[in-house]
Amino acid sequence: MKRRSIITVLVAAGAVLAAGVLFSATADAATTLGASAAQSGRYFGAAIAAGRLSDGTYTGILNREFNAVTPENEMKWDATEPSQGSFSYGNGDRILNQGISMGAKVRGHALLWHAQQPGWAQSLAGSALRNAAINHVTQVATHYKGKIYAWDVVNEAFADGGGGGRRDSNLQRTGNDWIEAAFKAARAADPAAKLCYNDYNTDGVNAKSTGVLNMVKDFKARGVPIDCVGFQSHLGTTIPGDYQANLQRFADAGVDVQITELDVAQGNNQAGIYATVTKACMAVSRCTGITVWGIRDSDSWRTGENPLLFDNSGNKKAAYTSVLNALNAGGSTTPTTPATTPTTTPTTPSTGGGCSASTSLNSWNGGYVATVRVAAGSAAVNGWTVTMALPSGSAITGAWSATNSGTSGTVSFRNVSYNGSIAAGGYTEFGFQGTGAGPTATPTCSAG
Ligand code: G2I
C-alpha cells in the first residue's frame with residue numbers, strides 16, 4: 001500500500017471511531033456507481049425496460065454500474081392486470097430476474113396510480129373500483145412477495161399548486177382513505193417490503209411536499225404502515241436550495257427517503273445538479289439510495305433533453321463523474337434497518353366509552369363520495385354503529401370499511417372485523433358512494 005493510502009485509511013478509521021456513523025473515502029475509491037454507493041450502505045439504481053434487455057451496450061452498462069433496478073413500466077397496473085382479475089407478469093418478472101441475476105435490489109413501481117390504469121379500471125368507480133384496487137395491490141404484492149426491496153404503493157396522489165391537498169382522480173373519489181387502505185393491503189401481502197409513497201414536485205419545501213409530510217405524520221400517529229417516501233427528482237436546470245433540508249424533514253418524521261426517478265435537463269449545470277442531489281442523499285442518514293430514470297440519454301422518456309448519465313453511445317458524461325465523486329467522497333452511513341414486521345393492533349376491551357362521527361363530502365352533479373370519521377372519546381371503543389339521514393332522492397350504491405343497513409332514508413353503518421376497536425382518543429374512517437345529493441345532517445354514533 002502506498003504511503004498516502006495508509007494515511008488516508010488511518011484518517012478514515014479515526015473518523016469512524018469518533019463519530020460512529022461516518023464513512024470516509026479511501027484511496028481505493030470504487031469505480032462504479034453501485035460499488036461506490038455500497039460503501040456507505042446505499043444503492044445506486046436505474047429504471048430499466050424489458051424491451052431493452054437484448055441490447056448489449058445497455059445491459060453491459062447495467063450489469064457493470066448499478067446495484068438496484070426499477071421497472072420503468074412493467075409492474076404498473078395496465079401491464080400487470082390488463083383485464084380484471086387476469087394477471088400478466090411476464091415483463092415484470094423479466095425485470096425482477098435481471099435484478100436478481102445482478103444481485104441488485106428491486107424497487108417495485110407502482111401498485112396504484114391515477115395514470116397507466118387499464119381501461120377497465122378507468123371506467124370503474126366507488127366500491128367496485130376500491131375493491132378492484134385493493135385486490136390489485138394484494139395480488140401483485142403477493143406475486144412478488146419477499147423479492148421486492150421497496151414498493152411504490154401509491155404514486156403521485158397529491159395535487160400540484162398551492163393547496164397541499166390530494167389530486168382528484170377516480171381513486172381519490174373512492175374516499176380519502178384509499179391510500180391507507182392500499183398501504184395496509186400491501187403490508188399484509190408482503191411484510192418484508194418497504195412501503196413507499198412516491199411523488200414529483202416534492203423536491204423542495206413547498207405546499208405539495210408539506211401535504212405529503214403531513215400524511216406521513218398522520219399515518220405514523222395512527223399506526224398506518226409506511227416506511228419510505230420517494231422523491232422523483234425530475235429536475236430542470238435548477239434545484240431547490242432546500243433539497244437536502246426537505247429530505248431531512250421527512251427522515252425526521254420517521255421514514256426512509258429515496259431519490260426514485262432522477263434525471264436532470266442537459267443545461268449548463270447538469271453535472272453540478274447531479275452532484276448536489278447525490279451529496280444531499282449522502283448527508284441524510286436515512287436516504288437509502290438513488291435511482292436514475294434510465295441509462296443512456298436515448299433511453300429517457302425526456303426526448304431531446306439528454307438528462308441521464310450516459311450519452312446515446314453509452315459513454316460516461318461529466319454528470320457521471322460528478323455523481324461518482326460525490327459517492328466516493330462519503331457521508332453518513334445509512335442505518336441497517338431490520339426487515340419490517342407487521343404490527344398487530346391489540347384488541348381493546350370494551351369499556352362502554354362513547355363515540356362520535358363526522359362526514360366529509362366529495363360531491364358532483366348527481367353523485368357523491370362520503371368519508372365518515374368515527375372517533376372514540378376518552379375511553380376505547382369496541383364496536384360501533386353510525387346512523388344518518390340521507391336527503392330525499394339519495395341512494396347508496398356501495399360502502400367500504402363498514403356494512404350498511406338500508407340504502408335510502410335513515411341508514412346505519414356497522415364496523416367490519418378490522419376496524420371495530422378504536423383506542424381512546426383515536427379514530428377510524430369508512431366511506432360510501434351514492435347517487436343524488438350527499439348527506440348533510442350530522443351522523444350519530446353508538447359504541448358497543
Ligand atoms: O412520466 C415520467 C415518470 C413520472 N413518474 C412516474 C413514472 O412511472 C413515469 O414514467 C414514465 C415512463 O418513463 C414512460 O415510459 O411513465 C410514462 C407513462 O406515464 C411512460 O410512457 C409510456 C408511454 O406513454 C406509452 O405510450 C408507452 O406505451 O411508456 C409506454 C411503454 O413504452
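The values are calculated or read from the model by the stated rules, or taken from the named source; none is laboratory data. Because the structure is a prediction, the values reported are computed rather than measured. Cβ coordinates were reconstructed from backbone atoms using ideal geometry, including for glycine residues, and neighbour counts include every protein chain displayed. The protein model used for the area step is the full one, side chains on, heavy atoms only, and it has no ligands, DNA or RNA in it. Shrake-Rupley method; radii C 1.70, N 1.55, O 1.52, S 1.80 Å.
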Selection from segment 29-54 of residues that are open to solvent by less than 50 Å² (accessible area, probe 1.4 Å) and in a loop (DSSP other than H, G, I, E, B): Ala29, Ala30, Thr32, Ser40, Gly41, Arg42, Ala49, Leu53
Which of the residues that make up segment 114-125 are within 12 Å of the ligand (Cβ to nearest atom) and either open to solvent by 40 Å² or more (accessible area, probe 1.4 Å) or over 23 Å from Lys184 (Cα atoms) (or both)? His114, Gln116
Hey, among the residues in segment 55-83 that are out of contact with any His (no Cβ under 7 Å at 6 or more places or on another chain), part of a helix (DSSP H, G or I) and closer than 21 Å to Ala132 by Cβ, which one's most open to solvent (accessible area, probe 1.4 Å)? Asp78
Looking at segment 289-296, is at least one residue open to solvent by less than 10 Å² (accessible area, probe 1.4 Å) and either more than 16 Å from the ligand (Cβ to nearest atom) or of a type in the set (Phe, Trp, Tyr) (or both)? yes
Might you let me know whether segment 275-286 holds any residue that is closer than 25 Å to Ile48 by Cα and not in a helix (DSSP H, G or I)? yes
Tell me, which residue of segment 84-111 that is open to solvent by less than 30 Å² (accessible area, probe 1.4 Å), in contact with a Pro (Cβ under 9 Å, 6 or more places away or on another chain) and within 14 Å of the ligand (Cβ to nearest atom) is nearest to Ala141 (Cα to Cα)? Gly108
Under 7 Å by Cβ, and 6 or more places apart or on different chains, what pairs join a residue from segment 306-322 that is more than 17 Å from Gly34 (Cβ to Cβ) and open to solvent by less than 10 Å² (accessible area, probe 1.4 Å) with one that is among the small types (Gly, Ala, Ser) and modelled with pLDDT of 95 or more? Pro307/Ala265; Pro307/Ser300
Could you list all residues from segment 204-237 that are assigned to a loop (DSSP other than H, G, I, E, B), open to solvent by less than 10 Å² (accessible area, probe 1.4 Å) and within 16 Å of the ligand (Cβ to nearest atom)? Gln232, Ser233
Can you confirm whether Ala132 is more than 15 Å from the ligand (Cβ to nearest atom) and either in contact (Cβ under 8 Å) with a residue 12 or more places away in the chain or within 20 Å of Trp293 (Cα to Cα) (or both)? yes
